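Reviewing the structure listed below.
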Amino acid sequence: MIQIYGHPFAAFYWKTLIALYERDVPFQFLMVDGDHPDHVAAVSRLAPTGQFPVLVDGEQTVIESAAIIEYLDLHHGSAPPLVPADPRAAIEARQMDSVFDDYIMSPLSRMVFNVIRPEGKQDPHLNEEAHATLDKSYAWANRWMEGRVWAANDSFSIADCAAAPALFYAHWGYPIPASLTALREYRNRLLIRPSIARVVDEARPWREIFPLKGQNSPD
Ligand SMILES: N[C@@H](CCC(=O)N[C@@H](CS)C(=O)NCC(=O)O)C(=O)O
């Protein structure tokens, strides 16, 4: 059985977990936290900065959430691939996967890391810069989602696996304006999809550790 290192509250782990649930793939979960120093040591060895998710399948190790999803498409589960088999459709799915990771999840992560820095070490400009990035990204994504059900090619894909944690956490830390109805409706659509609702539910016990909590309701 494949093994996945992660943490139930970690956004990039969510991406792969959604894919595992979508494709109905059995796996052994290996929690990366202070109570499991052996798992922390393993991801430190297997990934450049000790980041997760990390997938181990026998002799094969795969790092990076997008690569793990492509690996699952190829080797595990029977649902349609989350990166479309048609290379032309795959371009749009990979494009939107990167958009949600880089322009929504990433600025939100910078805000989180800023808040948890030691007292006096916070970057006073960072929030303003991250908010400006999110303002642009939200507006762009709202235009992109007008008339669409899913983020790429009219079918659920890797792009939606990335969008779910990105929009879940970003809206919690820096609300999506009510005027951006297409993006808000897309976020709601994601949250009721069974694979995503399950991931969100399983992460509930860790909500207290979200450093930007209290700024907005997550769901
Ligand atoms: N590009 C990576 C990002 C992975 C990432 O940032 N993971 C976070 C958890 S969601 C992490 O490991 N943070 C702890 C660290 O970087 O030390 C991916 O797509 O898997």
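Things worth noting here:
Yes/no per residue for (1) surrounded by fewer than 18 Cβ atoms within 10 Å (Cβ to Cβ); (2) within 17 Å of residue 164 (Cα to Cα); (3) modelled with pLDDT under 95:
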| site | (1), (2), (3) |
| --- | --- |
| 4 | no, no, no |
| 7 | no, yes, no |
| 16 | no, yes, no |
| 22 | no, yes, no |
| 41 | yes, no, no |
| 50 | yes, no, no |
| 61 | yes, no, no |
| 93 | no, yes, no |
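- Of residues in the range 102-113 being closer than 12 Å to residue 169 by Cα and within 14 Å of the chain's Cα centre (by Cα), the one nearest to the ligand (Cβ to nearest atom): 109
- Tally, over the range 174-187, of residues that are in a helix (DSSP H, G or I) and either within 19 Å of residue 95 (Cβ to Cβ) or in contact with a Phe, Trp or Tyr (Cβ under 8 Å, 6 or more places away or on another chain) (or both): 4
- Test: residue 134 is under 25 Å from residue 66 (Cα atoms) and touching a Phe, Trp or Tyr at 6+ places or on another chain (Cβ under 6 Å): yes
- Tally, over the range 27-40, of residues that are among the β-branched types (Val, Ile, Thr) and either more than 11 Å from the ligand (Cβ to nearest atom) or under 25 Å from residue 74 (Cβ atoms) (or both): 1
- The residue that is farthest from residue 74 (Cα to Cα), among those in the range 4-26 that are within 14 Å of the ligand (Cβ to nearest atom), over 9 Å from the mean Cα position of the chain (by Cα) and assigned to a loop (DSSP other than H, G, I, E, B), is 9.
The values are calculated or read from the model by the stated rules, or taken from the named source; none is laboratory data. Just so it is clear, the structure is predicted and the values come from calculations on it, not from any experiment. Because the Cβ atoms are built from the backbone with ideal geometry, glycine has one as well, and the counts that use them run over all protein chains shown.
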